[in-house]
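The values are calculated or read from the model by the stated rules, or taken from the named source; none is laboratory data. Just so you know, these numbers come straight off a predicted model, no measurement behind them. Glycine also receives a Cβ, built like all others from the backbone with ideal geometry; neighbour counts cover every protein chain displayed. Accessible surface is based on the protein model in full, side chains and every heavy atom, while ligands, DNA and RNA are left aside. Shrake-Rupley method; radii C 1.70, N 1.55, O 1.52, S 1.80 Å.
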There are 2 protein chains.
Amino acid sequence: MIFMKSVKHKKDRVVLDTSLFVNPEVRNDFGSTPAEAIKGFFILAEQIPTLEFYMPSSIFNELLNFVDQKNIPGRFLAIVHQKSPSKHELSCPAFLLYELIEDIRDRINKGLRIAEKAVRSVNKFDEREIIQSMRKNYREALREGIIDSKEDVDLILLAKEMNALLVTADHGAITWAEKLGIRWLLPNRFKDYLLSFLEK
Amino acid sequence: MIFMKSVKHKKDRVVLDTSLFVNPEVRNDFGSTPAEAIKGFFILAEQIPTLEFYMPSSIFNELLNFVDQKNIPGRFLAIVHQKSPSKHELSCPAFLLYELIEDIRDRINKGLRIAEKAVRSVNKFDEREIIQSMRKNYREALREGIIDSKEDVDLILLAKEMNALLVTADHGAITWAEKLGIRWLLPNRFKDYLLSFLEK
């Protein structure tokens with residue numbers, strides 16, 4: 001007797017960042033407000049049974065800063081699984097610690113240079129302007145292109161755990177996706193990606 | 001026929017930081033200069049066959065800023081193994097990434113507050129003094145108690161890899177030793193620790 005295994009495509013997985021619904025440049029693909037973008041997305045998504053969608057709970061909470069809970073349909077909750085990464089089971093390669101710490105060290109030094117420059121320019125410019133521009137430069141130097149929040153780590157680790165495609169525009173998250181061999185896609189190509197599943 | 005296994009104590013391992021030889025408060029236990037402290041240490045160490053000593057290569061290089069290579073006896077090289085951690089094989093638990101990143105985020109915000117305060121005080125104090133005190137405060141806020149260098153990561157990972165006792169006075173390294181279940185000892189108790197092996 002021979003058991004025939006049914007040929008079954010394994011579902012591919014996608015991890016979503018908020019930018020998809022919140023960032024005006026991207027969400028227009030799906031709808032002109034966050035609430036409409038959510039609807040626009042899940043109308044497409046629910047027609048694609050071969051894809052499974054995930055969002056870290058922390059990212060979902062961010063989304064609630066832009067959309068009233070009441071405007072998120074129950075169907076969205078069923079289609080986009082909210083799940084934190086298994087942070088006590090996952091591990092990351094040690095060499096990444098080195099990269100992270102060297103990167104932070106460089107940025108910390110850069111931040112100090114920015115602060116020194118600001119102090120030295122007080123007598124030349126208006127104090128308020130100096131503080132404002134210092135804040136901007138400092139935040140850019142210390143944060144941009146780096147994973148700098150719990151939410152970013154959630155995205156990266158969940159994508160790793162699920163072996164999923166990460167849809168994000170965050171530079172820090174993309175840099176780490178590259179280091180960890182995680183597939184990623186910019187949100188502005190995501191609608192085309194979804195539509196390709198419907199063409200077949 | 002019965003094979004008798006010889007009862008053999010497994011060697012315990014110790015990972016050494018430079019502070020042991022360089023920090024005046026500690027090295028006095030072993031000698032009044034770094035070179036003498038090295039000699040004082042290894043005269044004790046070579047009498048203890050049950051202990052194996054390690055030092056990350058990067059930490060050994062730091063030591064060479066304080067002691068001329070010529071003043072480091074060949075015997076020291078034989079007793080204190082220089083070895084980097086296997087950084088491409090080791091991994092660290094993912095939850096530590098969260099702690100590291102949240103910690104850095106707090107520090108970055110603190111650094112900005114310090115810079116703003118400095119800018120605001122320019123008209124009250126001397127510019128040079130302000131920059132000097134800002135540097136001090138900034139470095140303290142952003143670096144103290146944190147693993148902030150490749151060398152610190154080397155210490156921690158080598159101790160983990162070797163399942164060794166870490167001898168260090170570095171607050172950042174001790175904090176991580178605690179997180180990772182690594183045994184640690186302050187350098188000022190290390191001579192007593194070694195002597196206890198000779199008393200037997």
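Global dimensions of the stretch A:96-168 from alpha-carbon coordinates: Rg and Dmax equal 16.9, 55 Å. Principal semi-axes of the equivalent ellipsoid, √(5λ) from the alpha carbon gyration tensor of the stretch A:33-106, are 32, 16, 12 Å from largest down.
If a paramagnetic tag sat 7 Å from the Cα of A:Arg128 along the Cα-Cβ line, which residues of the stretch B:116-154 would have the backbone N under 20 Å from that point? Under 20 Å, as judged by backbone N against the label point of A:Arg128, lie B:116-124 of the stretch B:116-154. Put simply, chains B and A cover up around 4300 Å² of each other's accessible surface, both sides summed, when a 1.4 Å probe is used. Return a whole-number percent for the relative contact order of chain A, with Cα pairs under 8 Å and 6 or more residues apart as the contact set. Computed value for chain A: 26 percent relative contact order. Per-residue Karplus couplings for the stretch A:88-103, computed as 6.51 cos²θ - 1.76 cosθ + 1.60 with θ equal to phi - 60°, are listed in order as 8, 9, 6, 9, 10, x, 5, 5, 5, 4, 4, 4, 4, 6, 5, 4 Hz, Gly and Pro entered as x.
With 19 Å as the cut-off, how large is the P(r) tail for chain A, expressed as percent of Cα-Cα pairs?
67
In the full protein context, the protein assembly as shown carries 54 Å² of accessible surface per residue, based on a 1.4 Å probe and ignoring ligands, DNA and RNA. Between B:Phe66 and A:Asn109, what's the calculated FRET efficiency when r is the beta-carbon distance and R0 is 41 Å? Round to 0.05. After rounding to 0.05, the efficiency reads 0.95.
GNM remark for chain B: springs join alpha carbons under 10 Å apart, and the peak mean-square fluctuation among B:Glu161, B:Glu178, B:Glu89 falls on B:Glu89. Principal-axis analysis of the Cα atoms of chain B puts helix B:171-180 at an angle of about 60° to the longest axis. Applying the criteria of a DSSP loop state and at most 13 other Cβ atoms within 10 Å to the chymotrypsin sites (Phe, Trp or Tyr not before Pro) of the stretch B:122-200 yields B:Phe125. Split the accessible area of the protein assembly as shown by element, probe 1.4 Å, and carbon with sulfur accounts for 50%.
With a simple spin-label model that places each label point 7 Å from the Cα along the Cα-to-Cβ direction, the separation between A:Asn163 and B:Leu195 comes to 5.9 nm. With an a/c value of 1.5 or above and a/b not larger than b/c for the gyration tensor axes a ≥ b ≥ c computed over the alpha-carbon atoms, the stretch B:15-72 is described as oblate. At each listed q (0.09, 0.15 Å⁻¹), what is the log10 of I(q)/I(0) that the Debye formula gives for the protein assembly as shown modelled as equal alpha-carbon point scatterers? Reported log10 I(q)/I(0), two decimals: -0.74, -1.26. Restricting the stretch A:1-93 to trypsin sites (Lys or Arg not before Pro) that sit in a DSSP loop and have at most 14 other Cβ atoms within 10 Å of their own Cβ leaves A:Lys5, A:Lys8, A:Lys10, A:Lys11. Residue-wise HN-Hα couplings along the stretch A:42-53, as the Karplus relation 6.51 cos²θ - 1.76 cosθ + 1.60 with θ = phi - 60° gives them from phi, are 6, 5, 5, 4, 6, 8, 10, x, 8, 10, 10, 10 Hz; Gly and Pro carry x.
Are any of the pairs A:Lys39/A:Lys179; A:Lys83/B:Lys83; A:Lys39/A:Lys83; A:Lys10/B:Lys160 more than 29 Å apart by Cα-Cα distance, and if so, which? Checking Cα-Cα distances, A:Lys39/A:Lys179; A:Lys83/B:Lys83; A:Lys10/B:Lys160 exceed 29 Å. If the Kirkwood radius is taken over C-alpha pairs of the stretch B:39-158, then at 37 °C and 0.692 mPa s the Stokes-Einstein diffusion coefficient equals 181 µm²/s.
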